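Remarks on the structure that follows.
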Amino acid sequence: MGAESLVVEGNTYLADRFRSPEILSKTGISALEDDPPVEFEEFVFSDKYLNYGDVLYPQLFFILDNFYNPQKYRDYWLSEGLTDEEITPFKFRELVILAGYKSGKTTAIAVLALYELYKLLCLANPQEFYKQAPEQEIFITNYAVSGEQAKDTIWAHIKGIRGM
């Protein structure tokens, strides 16, 4: 299985192709140091961030937004038969998406990776927040059948979102 990674070291966004300040500036994301991160919906739809709402399929947006903010969908979950006691403790740590060919999975994963990177950059010291050693790198990794596929699909899509 191949992988491509984005690395966050302190508040520096590192990757082989994105080390230079001019490339970083094209992401529209910089070290934000202790600014509270915006909600996922604002990150996706706002022109200050991705402005990507017209590209991310509504069904995938629902899944991803629900992953980050399940309380927002309380009424939906109640209509599906869950009780308030079952909904209240929702806090997801993993997300598995099973979707068919050409269903927007690559776009969804690219948006997720960028949102996770954005949240890390909002922390003055992500290692301290995640109780890691100060020199420990934090990786955002995407996996595919091969390294080439990881690089040519999701990694390429991440770069394409912001025209890098």
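The values are calculated or read from the model by the stated rules, or taken from the named source; none is laboratory data. Small disclaimer: the values here were computed from a predicted structure and weren't measured. We place every Cβ from the backbone using ideal geometry, glycine too, and count neighbours over all the protein chains shown.
Data overview
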read-out	value
Criterion: surrounded by 14 or more Cβ atoms within 10 Å (Cβ to Cβ) and over 15 Å from the mean Cα position of the chain (by Cα) - qualifying residue of 146, 103	103
Flag for residue 81 being farther than 27 Å from residue 153 by Cβ, modelled with pLDDT of 85 or more and part of a loop (DSSP other than H, G, I, E, B)	yes
Unique residue being touching a residue at least 60 places away in the same chain (Cβ under 8 Å) and of a type in the set (Phe, Trp, Tyr) when the list is 115, 101	115
Where residue 94 falls short, out of the listed (1) in contact with a helix residue (DSSP H, G or I) (Cβ under 7 Å, 6 or more places away or on another chain); (2) exposed (fewer than 14 other Cβ atoms within 10 Å of the Cβ)	(1)
Criterion (crowded, with 16+ Cβ neighbours inside 10 Å, modelled with pLDDT of 90 or more and either assigned to a loop (DSSP other than H, G, I, E, B) or basic (Lys, Arg) (or both)) met by exactly one of 38, 44	38
Tabulated pairs, the range 125-152, first among the aliphatic types (A, V, I, L, M), second in a loop (DSSP other than H, G, I, E, B) and surrounded by 13 or more Cβ atoms within 10 Å (Cβ to Cβ), C-beta under 9 angstrom, 6+ apart or interchain	138/132
The range 105-158 - residue that is charged (D, E, K, R) and part of a helix (DSSP H, G or I) and, of those, modelled with the lowest pLDDT	151
